[in-house]
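Here is the structure we will look at, set down as structure tokens.
The values are calculated or read from the model by the stated rules, or taken from the named source; none is laboratory data. Here the structure is a predicted model, which means the values were calculated and not measured. So basically every Cβ, Gly included, is an ideal-geometry build from the backbone, and we count neighbours across all protein chains shown. Only protein heavy atoms, including side chains, enter the accessible area calculation; ligands, DNA and RNA are left aside. Shrake-Rupley method; radii C 1.70, N 1.55, O 1.52, S 1.80 Å.
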Amino acid sequence: MTDLISISDDDLVLLYYGEQDDPQLAAAVARSDLLTARFEALSAELRMADAYQPPERDKGYGESVWRSIAPRLEREEQGFVQKLAQGWRAVSRPRFSFAGMASVVLVALLAFALGQVATRPGATPPGQTPVATSASIDPERLLAATVGRHLEQLDQVLTEFVNTSEPGAMPSDWATDMLVANRLYRQSATARGDRKLAGFLADIEPLLIEMAYEAQVGSGTTFERMQDEVRNKLLFRVRVMNTRLNQPQIRT
Amino acid sequence: MSEEEQKTIQAAAAGDRMAFRELVLEHSQAMFRLAWRLCGDEGMAEDIVQEAFIKAWRGMDGFRMDASFRSWLHRITVNTGMDYLRKQSRRDQFESEDPGFETLEGAQWPSHDAQIDIRRETEAAMRDLSDTERAALLLRHFEGHSIKEIAQILELTSDACKQAVFRAVRKMRAALQPLAGV
């Protein structure tokens, strides 16, 4: 039987919202005048909170939200496609940037580990099926390791970015390389079902797109604003995520 | 989730912007209400809604069809809203811009002003909650999410979520109790 003395206001809150742990609680309250009075007082006060109502939005609100965000969605897609094209052109040039080269190599390794079958010349006897060599590689750990390296590189270039005083001082392709790699790792994380990591990489993408664009056109005012955003918003998050990826027991 | 909504979500996840537009039209009002209750400011709430939809678009390919799309959107909205609140002073954003409040200062209160009093006290009580307490309370009280769903949205344990709701209710009751029966 439910102990009436031990029924707290917190229990009554759960009862109010239909989430009580004790199935006998409602009956116990109904049997007791004191508990009934307490419950009714709680209910009345919580009903008063219903006065906290937002201002109305008219029927066209959804359309106005769409009109506001549609150009951004389109810009992001176009920006990504352009930068992806630029990025691939950049990494296909004879002279690679460090980030672009590292990204291509690491993504190739990642693709291999995530389900591609590779054969070594001469390793498979004629007439036999090639043996998958990805079995010994843990895809999840490889993803964490490669994204960790990406974040380390990002940390280095972003630190350099916030400390430079000249808008044009950074190499023009560094942001593009970072953006391309970031997008590919995000897609890998999504494919692996790692929503937290994919979400984090998605969150930092818009700033990378903007930085890649600004690296091309250059603007004193925008440059300072972006330095502030990187310094105040991005750097810390990159470092925290990288720390988490380096802790094997706390994978995202 | 209805079959029609499932198809719309799948299309949006595949990159169909017009399908995503349908989702925006369907969920904007509810997201605005949630965002406003979280931050108390119309302009900020509108920004939160737009930003949340942008994030939802980017993350559509990661949405699992066996989950609740509404809960998923609420999670994004709450997280976006809490980011906004962390950046700006909560007290500044919660100041009422309704000129009606200023003109009634110090005046005799006819009975219909009791409603304004309750609303003002509720707003003040919500302002005094922590971001987590406010988010937990509005998701439970106004949006009808279960404690388990709220815990997933806010990335808390169920116990921590319950405690947040309990603290929020205690503070709310302390503010509203003097007005009970008015």
Requested in this report: For region B:22-81, enumerate the residues that are among the aromatic types (Phe, Trp, Tyr) and open to solvent by 10 Å² or more (accessible area, probe 1.4 Å).
Outcome: B:TRP36, B:TRP57, B:PHE63, B:TRP72
Query raised in the report: When region A:49-75 is examined, which residues are found to be within 7 Å of chain B (Cβ to nearest Cβ), open to solvent by 30 Å² or more (accessible area, probe 1.4 Å) and under 30 Å from B:PRO178 (Cα atoms)?
Result: A:PRO55
Report summary line: Given the conditions (1) at pLDDT 85 or above; (2) over 21 Å from B:CYS39 (Cβ atoms); (3) not β-branched (Val, Ile, Thr), every one holds for B:MET126 apart from (2)
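Which of the residues belonging to region B:121-140 are outside any helix (DSSP H, G or I) and in contact with a Leu (Cβ under 8 Å, 6 or more places away or on another chain)?
The answer is B:LEU129, and nothing else.
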**Report entry** Hits in region B:120-175 - residues which are more than 10 Å from chain A (Cβ to nearest Cβ), crowded, with 21+ Cβ neighbours inside 10 Å, more than 20 Å from B:MET31 (Cα to Cα) and of a type outside the set (A, V, I, L, M)
**Finding:** B:CYS161
Query raised in the report: For region B:10-31, does any single residue satisfy the condition of being among the β-branched types (Val, Ile, Thr), more than 8 Å from chain A (Cβ to nearest Cβ) and either under 19 Å from A:ASP203 (Cβ atoms) or under 17 Å from the mean Cα position of the chain (by Cα) (or both)?
Result: no
Query raised in the report: Tally time: how many residues in region A:3-48 are open to solvent by less than 40 Å² (accessible area, probe 1.4 Å), more than 30 Å from B:MET44 (Cα to Cα) and aromatic (Phe, Trp, Tyr)?
Result: 0
